[in-house]
Amino acid sequence: MINTGENKELSMSTAIMKNSRKKRLNLSPYLYIGPHLILFGIFFLFPTLYGIYISFTNWDLIGEPEFVGLANYAEILVNKDSTFYDQLRIGLGNTFKFVLFTVPACIIVPLLLAAGLNTKPKGLKFFQALFYMPTLFSVSAVMIVFAMLFSVSFGPINHYLNVDTNWLSTQPYAWFTLVIVTVWWTIGGNMIIYQAALNGISKDLYEAASIDGANSVQKFFKITLPSIRAQILYTVVITTIAQFNVYGQPLMLTKGGPTSSTTVLLMYIQENAFGSGISIAGIGAAMAVILGICIMIVSAIQFFFLRQRD
Amino acid sequence: MEKKRITKGISLIFLLIMAFIWIVPLLYTILSSFKSEADIQSSAFTILPINWVIGNYQDVLFANTSAPVAKWFMNSLIISVSQTVLVIVLVSLAGYGYSRMKFKGRDAIFIFLMATMMFPAVVNLIPLYKIIDTLGWVNNYMAAIVPGAAGVFNIFLVRQFMQGIPIDFDESARVDGASDFQIFTKLILPLIRPVLTVVALFTFTGSWNDFLWPSIVFNEVEKMPITPGLQLLQGMYALDVAHALTGALIAIVPTFILYLFTQKYFMESLSLSSGVKG
């Protein structure tokens, strides 16, 4: 009985499909893109829009958000007596410093490494793997290792330099350590992109330049750099966005110190929304929106500036 | 010719110096994991352990402490593998839809998705937590598995790759009576294996190493993945260097092994993922 019923249903649905073939063809693409679109809507699009909305509300993550207009923005942007005003100024300032200190290094160091590897030295595979490897490690593992390396009392760095520098809790050493760690940890991706790009440059260009009497420095600036401009543009923008989202390194290495000199904005956002005590998610969201706007503006400027140089 | 040799020599010296800087933290970690705490803390730093010990590994993995590293490791493994499988299914379906099917609004939807990549993800952090909380997923694997699968970058990669496959393949299969789904599973899926491998590698590594989000949605120590777990480990073993370093070393093993076995793909994929041709 059940079988025949199923068969009947099956033949009926085939009949419907045959009759309305056009309609079925129109629907089926959505079965392919639909699953992702649903997740995208629930876990990206909706929360992003809602995040902008709650930046205009007073919210503790539990009750209903209460609309307060621009009050959060007024509080963090103009109310000089507010702790949140200080947090934004300090957090955003330190985030910008971090971007400024790390991005040039995260472009230049991997570019030099890629240029070095492009001479096809012995042990190419080993060098490549070694420089790329740290990218595979989580920020928390890397920060534990560097906290120990730079430790005042038992770290090998102080031992071999024969100093007792407080790398993590005095300035400017704290910034220096954060930059070193970040370069060590993150250059692998950019390096591979440059390697692939350098590989693609035609050897004829260099030979022609040699005949014209160009030296290696001239060749680097006149041939190499212009040939890989697209990749440099891409890595500059991507690296900048990544560094604006800095969180783990100062959290674990310097704990934001000494005296909040390395506390970045994401640490304050996290603390305000999810920290101990009552959540002030509205303020946190407003800070996040401001950080987001900064990221968009800076990437847009970089994009147009680097694009239009020709 | 002489000039070329000088350039080569200079670059080799540069690479050796950089290699030294890059290898020291790795060697230090590996060697320290075999040192006793007393040796590490002693003022006379030695490169090699004075007495080789494996007790750090036993303690970190099996001792019944407040830092269950073995449990964290398994949590991470479940999360990362599940997310990778989910992402592979989603992106291959969606990539097929956006690259080989014709429907109304296809390009508009795709362009919209791409445009959202420019929007900074930090803005959705707080509401996303509320959604996870509403779904009852706080301290649940799902919180770490599902939201990460909503991203669009992998769809871009897979679609690009699929567009390189001639559409004639589909046409002739269709003439032979194959349905869309058969074309997708029997014809396209085997052909896009390389790009799916790349997506799988990136997804697994990204998921394994994610830090900020899991440290927000997991607050029970037992339920945590290893990356936020290590942050606790750092606090717990505030002065216990050997255990903290051993924990860090254990946490990097899976992505390291994955890299060793798929090195070729990693290299290709990174230049591919730059999305710009030289």
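The values are calculated or read from the model by the stated rules, or taken from the named source; none is laboratory data. Since the structure is predicted, the reported quantities are computational estimates derived from the model, not experimental observations. Please note: Cβ atoms are built from the backbone with ideal geometry, for glycine as well, and neighbour counts cover all protein chains shown. Calculation scope for accessible area: heavy atoms of the full protein, side chains included, ligands and nucleic acids excluded. Shrake-Rupley method; radii C 1.70, N 1.55, O 1.52, S 1.80 Å.
The residues of segment A:262-297 that are open to solvent by 30 Å² or more (accessible area, probe 1.4 Å) and assigned to a loop (DSSP other than H, G, I, E, B), listed by number, are A:Ser276, A:Gly277, A:Ile278, A:Ile280. Might you let me know whether segment B:83-90 holds any residue that is crowded, with 20+ Cβ neighbours inside 10 Å, assigned to a helix (DSSP H, G or I) and away from chain A (no Cβ under 11 Å)? Yes, the conditions are met somewhere in segment B:83-90. Only one entry in B:Ser42, B:Ser99, B:Ser82 is farther than 30 Å from B:Val158 by Cα and among the hydroxyl-bearing types (Ser, Thr, Tyr), namely B:Ser42. For A:Leu37, the conditions (1) out of contact with any Ser or Thr (no Cβ under 7 Å at 6 or more places or on another chain); (2) farther than 30 Å from B:Phe181 by Cβ; (3) at pLDDT 95 or above are fulfilled apart from (2). Step by step: first the residues of segment A:177-231, then only those that are open to solvent by less than 40 Å² (accessible area, probe 1.4 Å) and aromatic (Phe, Trp, Tyr), then the one that is nearest to B:Gly206 (Cα to Cα). Which residue is that? Filtering first and then ranking leaves A:Trp184.
Would you check if there is a residue in segment B:43-52 being among the β-branched types (Val, Ile, Thr), open to solvent by 50 Å² or more (accessible area, probe 1.4 Å) and within 30 Å of A:Pro110 (Cβ to Cβ)? Within segment B:43-52, one or more residues are among the β-branched types (Val, Ile, Thr), open to solvent by 50 Å² or more (accessible area, probe 1.4 Å) and within 30 Å of A:Pro110 (Cβ to Cβ). Scanning segment B:1-40 for residues that are more than 34 Å from the chain's Cα centre (by Cα) and part of a helix (DSSP H, G or I) returns B:Glu2, B:Lys3, B:Lys4, B:Arg5, B:Ile6, B:Thr7, B:Lys8, B:Gly9, B:Ile10, B:Ala38, B:Asp39. Would you be able to tell me the number of residues in segment B:57-78 that are crowded, with 23+ Cβ neighbours inside 10 Å and in contact with a Pro (Cβ under 8 Å, 6 or more places away or on another chain)? Counting residues in segment B:57-78 that are crowded, with 23+ Cβ neighbours inside 10 Å and in contact with a Pro (Cβ under 8 Å, 6 or more places away or on another chain) gives 2. Scanning segment A:112-123 for residues that are open to solvent by 20 Å² or more (accessible area, probe 1.4 Å) and touching a residue at least 24 places away in the same chain (Cβ under 8 Å) yields A:Ala115, A:Asn118.
Conditions: (1) modelled with pLDDT under 90; (2) buried (at least 22 other Cβ atoms within 10 Å of the Cβ). A:Ser153 meets all but one. Number of the miss? Among (1) modelled with pLDDT under 90; (2) buried (at least 22 other Cβ atoms within 10 Å of the Cβ), A:Ser153 violates only (2).
To keep it simple, each residue is scored yes or no on (1) within 12 Å of chain B (Cβ to nearest Cβ); (2) part of a loop (DSSP other than H, G, I, E, B).
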| residue | (1), (2) |
| --- | --- |
| A:Phe46 | yes, no |
| A:Tyr50 | yes, no |
| A:Tyr53 | yes, no |
| A:Asp60 | yes, yes |
| A:Tyr73 | no, no |
| A:Ile76 | no, no |
| A:Asn79 | no, yes |
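Scanning segment B:158-182 for residues that are more than 17 Å from B:Val89 (Cβ to Cβ), among the aliphatic types (A, V, I, L, M) and within 32 Å of the chain's Cα centre (by Cα) gives a single hit, B:Ile165. Residues that are charged (D, E, K, R) and either within 27 Å of B:Ala248 (Cα to Cα) or at pLDDT 95 or above (or both) are absent from segment B:97-104. When every residue of segment B:148-170 is checked against the conditions, at least one turns out to be crowded, with 17+ Cβ neighbours inside 10 Å and away from chain A (no Cβ under 14 Å). Residues in segment A:121-139 that are at the interface with chain B (Cβ under 8 Å from one of its Cβ atoms) and more than 22 Å from B:Gly9 (Cβ to Cβ): A:Ala129, A:Tyr132, A:Met133, A:Pro134, A:Leu136, A:Phe137, A:Ser138, A:Val139. Hey, can you tell me all the residues within segment B:109-121 that are in contact (Cβ under 8 Å) with a residue 12 or more places away in the chain and either among the small types (Gly, Ala, Ser) or facing chain A (nearest Cβ under 8 Å) (or both)? Residues satisfying the conditions are B:Leu113, B:Thr116.
Here segment B:91-108 is the region considered, the condition is being assigned to a loop (DSSP other than H, G, I, E, B), at the interface with chain A (Cβ under 9 Å from one of its Cβ atoms) and open to solvent by 20 Å² or more (accessible area, probe 1.4 Å), and the residue that is farthest from B:Arg174 (Cα to Cα) is B:Lys104. Taking residues in segment B:161-178 that are in contact (Cβ under 8 Å) with a residue 24 or more places away in the chain, and partners anywhere that are open to solvent by 30 Å² or more (accessible area, probe 1.4 Å), the pairs with Cβ atoms closer than 8 Å and at least 6 places apart or on different chains are B:Phe161/B:Pro194; B:Ile165/B:Leu191; B:Asp170/B:Leu187.
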